[in-house]
2 protein chains.
Amino acid sequence: MTLRVTFLGTSGAVPTTARSLPGIMINRDGDRLLFDCGEGTQRQMMQFHTGFDIADIFITHTHGDHIYGLPGLIETLDFNDRSAPLTIHVPPGTASDLRSFIFAASGRPGFSVEIKPVTPGTTVREAPEYEVRAFRVDHDVTAVGYALIEDERKGRFDRERAEELGVPVGPKFSQLHDGKAVELEDGRVIEPEQVVGPPRPGRRVVYTGDTRPSDRTVEVASEADLLIHDGTFADDCTERAVETGHSTARQAGRVAALADARRLALVHISSRYAGPLDAQRREAREPFDGEVLTPEDGDTIEVPFP
Amino acid sequence: MTLRVTFLGTSGAVPTTARSLPGIMINRDGDRLLFDCGEGTQRQMMQFHTGFDIADIFITHTHGDHIYGLPGLIETLDFNDRSAPLTIHVPPGTASDLRSFIFAASGRPGFSVEIKPVTPGTTVREAPEYEVRAFRVDHDVTAVGYALIEDERKGRFDRERAEELGVPVGPKFSQLHDGKAVELEDGRVIEPEQVVGPPRPGRRVVYTGDTRPSDRTVEVASEADLLIHDGTFADDCTERAVETGHSTARQAGRVAALADARRLALVHISSRYAGPLDAQRREAREPFDGEVLTPEDGDTIEVPFP
């Protein structure tokens with residue numbers, strides 16, 4: 001079951017030659033979920049081969065650097081003869097302005113576009129095997145983050161034990177693994193609990209968008225397999241992070257540590273930082289034992305099961 | 001006197017991995033003039049080192065592919081603490097919608113932005129040594145092209161003749177070249193016509209934006225040093241060019257031939273064409289004897305004096 005994250009744009013409000021404006025594509029077993037859509041996102045999608053068959057778009061807040069790619073992306077989807085409806089999830093209170101912006105200069109496309117305000121703390125996309133939840137973050141405008149949370153997986157099937165119990169290899173194995181009791185030819189009934197372990201947790205990927213460090217992120221990102229956190233600044237700009245509603249790498253590391261996340265990826269990198277971001281990785285690692293990533297545009301990571 | 005054209009984006013309505021959306025920067029002796037501003041233009045400006053100190057922006061029409069880069073560019077200029085006012089020239093009847101679009105998702109920047117409808121057939125930017133004129137083109141919405149027209153240059157100064165006439169080397173040379181008569185020590189008066197040739201034409205660069213072939217373009221591009229023309233299609237899509245208000249390479253070549261232009265550059269290349277555009281160059285050259293260019297993004301050409 002693929003769970004693949006492609007960092008389309010990792011810059012902050014101003015792009016650089018190396019970093020395009022914010023956008024993240026998550027491909028969950030073929031469902032393409034786009035989080036934020038800064039200027040240039042459609043072309044990054046082409047460059048990095050994510051595919052254009054987007055299921056939903058999730059906008060964290062309506063600052064320009066997170067939305068200016070929407071009108072062009074929608075026009076390109078229309079040129080490509082998309083017919084499937086598109087849902088764009090947006091923070092509460094922003095749908096009407098965003099609709100005006102997206103369609104200010106274009107006719108309506110040949111597919112329906114629903115711009116749907118989220119209620120933070122609730123599920124905004126319900127899919128077989130996973131859901132996407134919105135949660136309030138702490139920026140200088142109404143802003144939300146999103147968590148992709150997979151359902152629990154079936155417990156591990158103990159094939160050896162099943163054979164010992166005399167279950168014949170074949171469909172009865174699947175029935176047991178699916179939680180159904182089976183009757184053997186000799187009349188004995190085998191309960192699934194005898195051969196199937198406890199359900200195992202699914203994976204969890206959390207994207208904060210722009211935010212100061214927040215307790216809500218700590219809660220939502222509890223044991224997350226990947227926390228993609230605002231890492232606009234390094235220690236040298238701690239005050240500026242507070243003022244502008246962003247985080248330093250160290251603060252993001254602290255959130256990841258409190259949440260007991262497995263991996264932390266820092267995004268929304270201020271244009272003042274060039275090169276490999278060694279300071280940010282070092283600073284995030286002081287509070288946080290897990291892996292710290294500072295993705296470049298186009299980096300793609302697979303999220304393994306824990 | 002630099003006259004340098006940088007092709008920032010050469011795609012049609014849909015970008016490709018090779019071609020970004022429409023935008024052309026002309027640097028005329030330090031005056032940076034941006035023509036159209038498709039999504040991604042600001043980043044192309046960074047990649048291709050054109051500088052951000054833009055004098056004016058000239059929009060040919062308000063289809064998304066020509067304007068979706070404006071809000072982000074203006075925000076970046078604001079982040080860079082621009083204070084100089086910015087004028088955006090737009091086709092008649094589009095100023096109010098364009099203003100709504102540009103500022104839909106952002107506060108007003110710290111510099112003034114004037115969105116100024118042009119009157120086709122008139123000068124829209126008057127500068128020392130050159131002007132920019134707008135002219136009506138033939139697209140499926142109100143659309144204009146722009147011509148950068150340099151003033152006539154002084155005639156050639158005949159230094160040998162001046163020395164024969166006894167004019168002393170020094171300031172009197174400049175006075176004569178500037179059109180002023182000078183009196184020599186022996187009382188003789190030398191008229192500028194005696195040592196200065198007839199005024200020489202300046203250079204002319206014409207950009208059509210999106211258009212079918214048009215007589216107005218032929219007029220405005222008369223003896224142009226560079227005609228940058230809609231070349232969306234090749235011969236295989238001649239009907240589609242008519243339907244959609246665009247041109248084929250051959251049609252652009254015919255316009256360039258009728259105008260007796262020196263060079264033709266084809267832009268707004270449909271995403272259906274990849275690679276080096278050999279067909280387009282061949283087709284444009286059939287009617288047109290001059291040089292045909294099919295610029296790639298980032299190509300920069302100097303326009304020499306004729």
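The values are calculated or read from the model by the stated rules, or taken from the named source; none is laboratory data. Predicted, not measured: the structure shown is a model, and the values here were computed from it. Neighbour counts run over all protein chains shown; Cβ positions are idealised from the backbone, glycine included. Surface accessibility is based on the protein's heavy atoms, side chains included, excluding ligands, DNA and RNA. Shrake-Rupley method; radii C 1.70, N 1.55, O 1.52, S 1.80 Å.
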(message) For region B:41-50, give me each residue that is open to solvent by 10 Å² or more (accessible area, probe 1.4 Å) and either among the small types (Gly, Ala, Ser) or facing another protein chain (nearest Cβ under 9 Å) (or both).
(response) B:ARG43, B:MET46, B:GLN47
(message) Could you check region B:51-82 and list, in sequence order, the residues that are closer than 25 Å to A:HIS66 by Cα and open to solvent by 10 Å² or more (accessible area, probe 1.4 Å)?
(response) B:GLY51, B:PHE52, B:ASP53, B:THR62, B:HIS63, B:ASP65, B:GLU75, B:ASP78, B:PHE79, B:ASN80, B:ASP81, B:ARG82
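Name the residues in region B:91-119 that are among the β-branched types (Val, Ile, Thr) and either within 7 Å of another protein chain (Cβ to nearest Cβ) or open to solvent by less than 10 Å² (accessible area, probe 1.4 Å) (or both), would you? It would help to see each step written out before you state the result.
At the first step, the residues of region B:91-119 found to be among the β-branched types (Val, Ile, Thr) are B:94, B:102, B:113, B:115, B:118-119.
B:ILE102, B:VAL118, listed by residue number.
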(message) Quick check on region A:10-40: of everything there that is surrounded by fewer than 24 Cβ atoms within 10 Å (Cβ to Cβ) and on the phi > 0 side of the Ramachandran plot, which residue is farthest from the other protein chains (Cβ to nearest Cβ)?
(response) A:ASP29
(message) Show me the strands (runs of 3 or more DSSP E) found entirely inside region B:121-220 where at least 1 residues are free of Cβ contacts under 8 Å to residues at least 12 places away in the same chain, surrounded by fewer than 16 Cβ atoms within 10 Å (Cβ to Cβ) and of a type outside the set (Lys, Arg).
(response) B:123-127
(message) With the condition being open to solvent by 30 Å² or more (accessible area, probe 1.4 Å), I'd like the strands (runs of 3 or more DSSP E) fully within region A:239-305 carrying at least 2 qualifying residues.
(response) A:291-293, A:300-302
(request) Any residue in region A:78-90 that's away from chain B (no Cβ under 14 Å) and among the polar types (S, T, N, Q): show its pairings with residues that are surrounded by fewer than 17 Cβ atoms within 10 Å (Cβ to Cβ) and assigned to a loop (DSSP other than H, G, I, E, B) at Cβ separation under 9 Å, as long as the two are six or more apart or on different chains. (result) A:SER83/A:GLY110; A:SER83/A:PHE111
(message) On the basis of being at pLDDT 95 or above, within 11 Å of chain B (Cβ to nearest Cβ) and within 21 Å of A:ASN27 (Cα to Cα), does A:ILE67 make the cut?
(response) yes
(request) Please tell me if B:VAL205 is within 13 Å of B:GLU150 (Cα to Cα) and in the same structural domain as B:ARG28 (by TED's automatic domain parsing). (result) yes
(message) If I ask for residues that are assigned to a loop (DSSP other than H, G, I, E, B) and in contact with a His (Cβ under 7 Å, 6 or more places away or on another chain), which ones from region A:223-238 would you list?
(response) A:GLY231, A:THR232
